[in-house]
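Student: Got a structure for you, written out below as structure tokens; questions coming shortly.
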Amino acid sequence: MFLVLLSTAYSPWFILLCLAVGAGYAALLYSARAPWSRAVNYTLAALRFVVVSFLCFLLLSPFVKTTTTRTEAPTVVLAVDNSQSIPLFTPGPALGQLTAGLPQLATTLRAKGFRVETRTLTKAITAPDSVRFSANRTDLNKLLTDSREANAERNLAGVVLVSDGIVNQGQEPQFSEFNFPIFSVALGDTIPKKDLRLTDLVYNRVAFSGNKFPLEAEIGYEGYAGGTATVEVREGGRVLESRRLALPNGRRRVRATFQLTAPAPGKRRYEVRVLPQAGEFTALNNSRTAFIEIVKGKLRVLLAGAAPHPDLKALRAAILANNNFDLTLAVASVGQPLPATASFDVAVLHQLPARGGLGQELLARVRAAKVPVLYVLSAQSDYNAYNQLNAGLNVQPRGTQTDEVIPLPNPGFGRLPLDEESRRRLAQYPPVPVPFGELWLSGGAEAALWQQVGRLPTQKPLLVFGGAAGASPRAATLLAENTWQWRLEEAIAHDDRPEAYDRLISRTLQLLTQNANKKRLDVYPSQDVFGTQDDVTLGAETYNAVFERIYDQKITLTLTDSARRARTVTFANAADGSPLHLGPLPAGLYRYQAHATLGGQAQQASGELLVQNQPLEAQESKADHRLLAQLSRRSGGQLYYPSQLDKLAQDLAAKNFKPVLSSEEDLKDLINLKWLFFTLVALLGAEWATRKYQGGV
């Protein structure tokens, strides 16, 4: 509804005065005898009366008040779990009822006055009859949260959640609060299928050539209790080890640990497979693949601190969590001094250089060894001494002031890959203090993490990698104190598995020590392992002769799979850090060769990337209708089945959700309306033209 009201700040009686002025002006001008007819004279007088009266009316500062009233119909979101487990484990009749009934449900709800929106795990908005069950993972919490956020400004009446209740990614939805009723439609089958499956495969991504390394497989089983299962470890079609396991009654899972010998350095692919048995429902979940990088030896790490601090314990735990690191701990003036014979490949210096010259001996040892260094700065650090180390970051604090920040990944820094789960965990870290002041990047340094203050993202560096590629010694700087709180908070929230923190520290040390030779062309995968449904991406960096970053260079990349099939792509590295997108690839080990001409010189880079089959949707066959019932009960909704979609539509209509009326007012001065000016000019022009045509002045 649209309402227009004309008003003025003065008394309405002034309008009569405006009309009187217009009438008097017209009478004075056209009361004398004229050379034209009486009708023309009255017309000209009327024109002059209108123009003069309106001009006088404009002196009263009139304004137009428009009121727009909108009616917002109640919205129902059909949130459909379109994961692969739905057609895999839902009985055919129930799935047929859903696919036929979902479009009819949307039509019925629209006929009853609802606005209907259909969302899936993979598409924000789609049509009910175009849902395809192809998603390779299920995050119901994100589906519900996205439905809420997308309709935050709308009249959201409720969400119809169509799912089997199986969640294999993200937060469990029952631990979130939703301010709308959830009407669940239960799919799947609550009766377990007769099945053998490989539910988990635990291994270290790096092993040392010639050493034994463990490969632990977890086997789940339904319907085979009391029997046995055969598990094999294969490499390139060759069986390395086979083991027959008992499947005890009263249990659903057993574990088997294989001890393999690491071959020559390189990336190796191992397939662990449970041999299918008679009557098994599906063999899709019977195998998993482990990609392991074989290296020559362990990385020797020195962790040195100016004084005892809880951060040292957190850093020590993160380093020891990686079996590829040997750790030496040294704290100035505490315990035994660092032995003269101690050697190391990389150093982590906490609060060094420190105020008062504390720990100068440790700092001198590290500088003499010319090894890469990770500086962890805090309130006790000597920033003037640090700035003289040319580590790529210059810090000028303002007194003792600090900011409370959390880490924010820099999307333009591709060498520190963080998956979606790690990013989510980093965003949940508690704030820690950093010095408040001026921060400058120099010497080809780049920020891997930025500072986020509250909800405000900034581009102030938090984790910096300093120096150009290949600079010796390399340096990185973490500008934060009390990061032990990050590791502790993550361990509490994730079953004593602070994987994001540990991976951040270990990956930082690996970046400092890898590719020690100067490379003007560097092409690398944006993450360690890709899934078969992931978009495979590669980052690229190019440098000039003095190792300054340059961009928009033409790079030719050839990707070769295990069957020696090659694919060639030409691209340019953009200044915004956007990677090369190769799209989803089949599982396997791929090798790539990249070529570019930089400053007239040919440069090349090579490497490997891993694509792993992750059949998450086949891992659990038993639907979790109890989860769906709990979500519905807590939110004020109800649980339904595919045969009850008509009843669901009736119940939604019976809820009597009301439309929301919203009104918006707009005030505009009449004198600012341009069309009025042209109208007045047209009236005066018509009057003048008529007088000239009739022979008047």
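The values are calculated or read from the model by the stated rules, or taken from the named source; none is laboratory data. Only a predicted model underlies this, so the values are computations on that prediction, with no experimental measurement involved. Using ideal geometry, Cβ is built from the backbone for each residue, glycine included, and neighbour counts are taken over all protein chains shown. These accessible areas exclude ligands, DNA and RNA; they are computed on the full protein's heavy atoms, side chains included. Shrake-Rupley method; radii C 1.70, N 1.55, O 1.52, S 1.80 Å.
Student: Among the residues of segment 5-63, write down those that are closer than 19 Å to F677 by Cα, part of a helix (DSSP H, G or I) and of a type outside the set (A, V, I, L, M).
Tutor: Hits for segment 5-63 are C18, G22, R48, F49, S53, F54, C56, F57.
Student: Any residue in segment 77-95 that is closer than 30 Å to F14 by Cα, at pLDDT below 90 and in contact with a Phe, Trp or Tyr (Cβ under 8 Å, 6 or more places away or on another chain)?
Tutor: Going through segment 77-95, the residues closer than 30 Å to F14 by Cα turn out to be none.
No: segment 77-95 contains no residue that is closer than 30 Å to F14 by Cα, at pLDDT below 90 and in contact with a Phe, Trp or Tyr (Cβ under 8 Å, 6 or more places away or on another chain).
Student: Moving on to the next point. Please name all residue pairs, on different chains or six or more residues apart, with Cβ atoms under 7 Å, provided the first residue is in segment 619-632 and is in contact (Cβ under 8 Å) with a residue 24 or more places away in the chain and the second residue is part of a loop (DSSP other than H, G, I, E, B) and of a type in the set (G, A, S).
Tutor: Short answer, once both residue conditions are applied: A623/G165; A623/G188; D624/G165; H625/G165; L627/G165; L628/G165.
Student: What pairs come out if I take residues in segment 173-184 that are among the polar types (S, T, N, Q) and pair them with residues that are open to solvent by 20 Å² or more (accessible area, probe 1.4 Å) and in a loop (DSSP other than H, G, I, E, B) whose C-beta lies under 8 Å away, six or more apart or interchain?
Tutor: S184/G637; S184/Q638
Student: Somewhere in segment 641-653, is a residue in a helix (DSSP H, G or I), touching a residue at least 60 places away in the same chain (Cβ under 8 Å) and hydroxyl-bearing (S, T, Y)?
Tutor: Scanning segment 641-653 turns up at least one residue that is in a helix (DSSP H, G or I), touching a residue at least 60 places away in the same chain (Cβ under 8 Å) and hydroxyl-bearing (S, T, Y).
Student: Just one of (1) at pLDDT 90 or above; (2) open to solvent by 20 Å² or more (accessible area, probe 1.4 Å) trips up E490, so point out which.
Tutor: (2)
Student: Can you pull out the residues in segment 665-675 that are in contact (Cβ under 8 Å) with a residue 60 or more places away in the chain and part of a helix (DSSP H, G or I)?
Tutor: Applying the first criterion (in contact (Cβ under 8 Å) with a residue 60 or more places away in the chain) to segment 665-675 yields 665-671, 673.
Once the filter is applied, which keeps residues that are in contact (Cβ under 8 Å) with a residue 60 or more places away in the chain and part of a helix (DSSP H, G or I), segment 665-675 yields L670, I671.
Table: residues versus (1) at pLDDT 90 or above; (2) in a strand (DSSP E or B); (3) open to solvent by less than 40 Å² (accessible area, probe 1.4 Å).
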{"position": "Y592", "(1), (2), (3)": "yes, yes, yes"}
{"position": "H595", "(1), (2), (3)": "yes, yes, no"}
{"position": "V611", "(1), (2), (3)": "no, yes, yes"}
{"position": "Q630", "(1), (2), (3)": "yes, no, no"}
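Student: Identify all residues within segment 390-431 that are open to solvent by 10 Å² or more (accessible area, probe 1.4 Å) and among the small types (G, A, S); write none if there are none.
Tutor: Of everything in segment 390-431, those that are open to solvent by 10 Å² or more (accessible area, probe 1.4 Å) and among the small types (G, A, S) turn out to be G399, G412, G414, A427.
Student: Among (1) of a type in the set (D, E); (2) over 30 Å from G165 (Cα atoms); (3) surrounded by 20 or more Cβ atoms within 10 Å (Cβ to Cβ), which single condition is D81 missing?
Tutor: Every condition holds for D81 apart from (2).
Student: Being open to solvent by 10 Å² or more (accessible area, probe 1.4 Å), over 30 Å from V231 (Cβ atoms) and touching a residue at least 12 places away in the same chain (Cβ under 8 Å) narrows it down to one residue among P339, P372; which is it? Reasoning before the result, please.
Tutor: On the way: P339 fails: touching a residue at least 12 places away in the same chain (Cβ under 8 Å).
Testing whether each residue is open to solvent by 10 Å² or more (accessible area, probe 1.4 Å), over 30 Å from V231 (Cβ atoms) and touching a residue at least 12 places away in the same chain (Cβ under 8 Å) leaves just P372.
Student: Residue under question is A39, and the condition is that it be open to solvent by 50 Å² or more (accessible area, probe 1.4 Å) and hydrophobic (A, V, I, L, M, F, W, C); does it hold? Before you say what the answer is, go through the steps one by one.
Tutor: On the way: open to solvent by 50 Å² or more (accessible area, probe 1.4 Å): yes; hydrophobic (A, V, I, L, M, F, W, C): yes.
Yes, satisfied.
Student: Hey, another quick one. For segment 492-506, what are the residues that are among the acidic types (D, E) and touching a helix residue (DSSP H, G or I) at 6+ places or on another chain (Cβ under 6 Å)?
Tutor: Result: D502, single match.
Student: Just one of V301, V334, V254 is β-branched (V, I, T), closer than 20 Å to Y501 by Cα and either touching a Phe, Trp or Tyr at 6+ places or on another chain (Cβ under 7 Å) or surrounded by fewer than 18 Cβ atoms within 10 Å (Cβ to Cβ) (or both); which is it? Lay out the reasoning, then the answer.
Tutor: Working: V334 fails: closer than 20 Å to Y501 by Cα; V254 fails: closer than 20 Å to Y501 by Cα.
One residue alone meets the criteria, V301.
Student: If Q694 meets every condition in (1) under 30 Å from S37 (Cβ atoms); (2) within 57 Å of the chain's Cα centre (by Cα); (3) of a type in the set (S, T, N, Q) apart from one, which number is that one?
Tutor: (2) is the only condition that Q694 fails.
Student: Give segment 125-151 a look and list any residue that's over 15 Å from S83 (Cβ atoms), modelled with pLDDT under 90 and open to solvent by 70 Å² or more (accessible area, probe 1.4 Å), or say none.
Tutor: Across segment 125-151, the qualifying residues are I125, D129.
Student: While we're on this one: Conditions first: (1) free of Cβ contacts under 8 Å to residues at least 60 places away in the same chain; (2) part of a strand (DSSP E or B). T477 passes all but one, so which condition is the exception?
Tutor: (1)
Student: Right, T120: closer than 30 Å to E420 by Cα and touching a Leu at 6+ places or on another chain (Cβ under 8 Å) or not? Quick ask: steps written out before the conclusion?
Tutor: Details: closer than 30 Å to E420 by Cα: yes; touching a Leu at 6+ places or on another chain (Cβ under 8 Å): yes.
Spelling it out, T120 is indeed closer than 30 Å to E420 by Cα and touching a Leu at 6+ places or on another chain (Cβ under 8 Å).
Student: Being assigned to a loop (DSSP other than H, G, I, E, B) and at pLDDT 90 or above is the filter; apply it to segment 372-397 and report the residue that is nearest to A447 (Cα to Cα). Walk me through it before giving the result.
Tutor: Going residue by residue through segment 372-397, those that are assigned to a loop (DSSP other than H, G, I, E, B) are 372, 377-380, 382, 388-392.
Next, only the ones that are at pLDDT 90 or above stay: 372, 377, 382.
On the way: P372: 17, L377: 15, D382: 21 Å.
So the residue we want is L377.
Student: Okay, next question. Return yes when G113 is modelled with pLDDT of 85 or more and part of a loop (DSSP other than H, G, I, E, B) and no when it is not. Can you show your working first?
Tutor: Details: modelled with pLDDT of 85 or more: yes; part of a loop (DSSP other than H, G, I, E, B): yes.
Yes; evaluated as a whole, the condition is true for this residue.
Student: From E232, E222, which residue is free of Cβ contacts under 8 Å to residues at least 60 places away in the same chain and charged (D, E, K, R)?
Tutor: Working: E222 fails: free of Cβ contacts under 8 Å to residues at least 60 places away in the same chain.
Just a single option satisfies the conditions, and that option is E232.
Student: Still on this model: Being touching a residue at least 60 places away in the same chain (Cβ under 8 Å) and under 22 Å from L144 (Cβ atoms) is the filter; apply it to segment 108-124 and report the residue that is least open to solvent (accessible area, probe 1.4 Å). Lay out the reasoning, then the answer.
Tutor: Filtering segment 108-124 down to residues touching a residue at least 60 places away in the same chain (Cβ under 8 Å) leaves 108-109, 112-114.
Filter once more, so that each one left must be under 22 Å from L144 (Cβ atoms): 109, 114.
Values: L109: 0, F114: 17 Å².
Residue satisfying both the conditions and the ranking: L109.
Student: Follow-up. From the list F325, F281, which one is out of contact with any helix residue (DSSP H, G or I) (no Cβ under 7 Å at 6 or more places or on another chain), more than 25 Å from Y383 (Cα to Cα) and among the aromatic types (F, W, Y)? Step through it out loud before you land on a result.
Tutor: Details: F325 fails: out of contact with any helix residue (DSSP H, G or I) (no Cβ under 7 Å at 6 or more places or on another chain).
Within the list F325, F281, the selection yields F281.
Student: Something else now. Given the criterion farther than 25 Å from N390 by Cα, open to solvent by 70 Å² or more (accessible area, probe 1.4 Å), touching a Ser or Thr at 6+ places or on another chain (Cβ under 8 Å) and touching a residue at least 40 places away in the same chain (Cβ under 8 Å), identify the matching residue among K313, K296.
Tutor: Details: K313 fails: touching a Ser or Thr at 6+ places or on another chain (Cβ under 8 Å).
None of the other options fit; the residue is K296.
Student: Looking at segment 634-647, which of its residues are under 13 Å from V159 (Cα atoms) and open to solvent by 40 Å² or more (accessible area, probe 1.4 Å)?
Tutor: Matches in segment 634-647: G636, Q638, L639.
Student: Then there is this: Look through segment 562-584, keep the residues that are part of a loop (DSSP other than H, G, I, E, B) and open to solvent by less than 70 Å² (accessible area, probe 1.4 Å), and return whichever of them is nearest to Y543 (Cα to Cα).
Tutor: First, pick out the residues of segment 562-584 that are part of a loop (DSSP other than H, G, I, E, B): 562-565, 573-579, 584.
Checking which are open to solvent by less than 70 Å² (accessible area, probe 1.4 Å) leaves us with 563, 573-574, 577-579.
On the way: A563: 33, N573: 11, A574: 13, G577: 14, S578: 17, P579: 17 Å.
The selected residue is N573.
Student: Go through segment 410-431 and give me each residue that's touching an Asp or Glu at 6+ places or on another chain (Cβ under 7 Å), under 22 Å from T537 (Cβ atoms) and assigned to a loop (DSSP other than H, G, I, E, B).
Tutor: Selection gives G412, F413, P417.
Student: Taking segment 432-459 as the search range and keeping residues that are surrounded by fewer than 16 Cβ atoms within 10 Å (Cβ to Cβ) and in a loop (DSSP other than H, G, I, E, B), which one is nearest to the chain's Cα centre (by Cα)?
Tutor: Looking at the filtered set, the residue picked out is R455.
Student: Which residues, taken from segment 81-110, are part of a loop (DSSP other than H, G, I, E, B) and either hydrophobic (A, V, I, L, M, F, W, C) or out of contact with any strand residue (DSSP E or B) (no Cβ under 9 Å at 6 or more places or on another chain) (or both)?
Tutor: At the first step, the residues of segment 81-110 found to be part of a loop (DSSP other than H, G, I, E, B) are 81-82, 84, 90-91.
If the condition is that a residue be part of a loop (DSSP other than H, G, I, E, B) and either hydrophobic (A, V, I, L, M, F, W, C) or out of contact with any strand residue (DSSP E or B) (no Cβ under 9 Å at 6 or more places or on another chain) (or both), then T90, P91 are the ones that fit.
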